[in-house]
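> This is the structure I have questions about; it appears just below.
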Amino acid sequence: MNLKELENMVENREIHPVAEAEKGEITKKDIKKDYLDFLKSYPFDLSNLKVVMDASNGMAALLLEDIFGTRPIYLNNEVDGTFPNHAPNPLERENRSQLKKAVIKEEADLGLIFD
């Protein structure tokens, strides 16, 4: 199924609620540790670099410090769906300006931005 088909289905498909006996169940599971273990299975070493990371107030803010520790300099590292600092789209030039300024100010080797 492609996105166009999914969009068509969401917009045009008739909704038929299922009977109570046919409903599934919701199981809550915290997968953060498993996901972090998976991400950490890809080795990297930034210890010799000064890095600035911009989480763009998006979901990356939930994990960056768990993955990279306290060594990097973090920008917009709080989840806020109103995106008060800039939109979470690194492809737009204006969304990278805060990171560029921080890299220059901190004399960093690398700047990373997440959407």
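The values are calculated or read from the model by the stated rules, or taken from the named source; none is laboratory data. Quantities reported herein were computed from a predicted structural model and do not represent experimental measurements. Quick reminder, even Gly has a Cβ in these numbers, built from the backbone with ideal geometry, and neighbours come from all protein chains shown. Calculation scope for accessible area: heavy atoms of the full protein, side chains included, ligands and nucleic acids excluded. Shrake-Rupley method; radii C 1.70, N 1.55, O 1.52, S 1.80 Å.
> Collect the residues in segment 82-98 that are open to solvent by 60 Å² or more (accessible area, probe 1.4 Å) and either charged (D, E, K, R) or over 18 Å from residue 50 (Cα atoms) (or both), keeping them in residue-number order.
Those that are open to solvent by 60 Å² or more (accessible area, probe 1.4 Å) and either charged (D, E, K, R) or over 18 Å from residue 50 (Cα atoms) (or both): 82, 83, 84, 85, 91, 92, 93, 94, 96.
> Next up: When the residues of segment 59-115 are narrowed to those that are of a type in the set (Gly, Ala, Ser) and closer than 19 Å to residue 33 by Cα, which ends up farthest from the chain's Cα centre (by Cα)?
Filtering first and then ranking leaves 69.
> Are there any pairs with C-beta distances below 6 angstrom linking a residue in segment 88-115 that is within 19 Å of residue 78 (Cβ to Cβ) and of a type in the set (Val, Ile, Thr) to a residue that is in a helix (DSSP H, G or I) and open to solvent by less than 60 Å² (accessible area, probe 1.4 Å), with the two at least 6 apart or on different chains, and if so which?
Listed pairs, sorted by first residue: 113/99.
> Can you pull out every residue in segment 57-81 that is at positive phi and exposed (fewer than 13 other Cβ atoms within 10 Å of the Cβ)?
69
> Also, I was wondering about something else. Looking at 28, 101, can you tell me which residue is open to solvent by 100 Å² or more (accessible area, probe 1.4 Å) and assigned to a helix (DSSP H, G or I)? Show your work before the answer.
On the way: 28 fails: assigned to a helix (DSSP H, G or I).
Within the list 28, 101, the selection yields 101.
> For the structure I just gave you, tell me whether residue 43 is open to solvent by less than 20 Å² (accessible area, probe 1.4 Å) and not aliphatic (A, V, I, L, M).
When the stated conditions are applied, residue 43 does not pass them.
> What are the residues in segment 24-70 that are closer than 27 Å to residue 99 by Cα and β-branched (Val, Ile, Thr), if any?
Within segment 24-70, 51, 52, 67, 70 meet the criteria.
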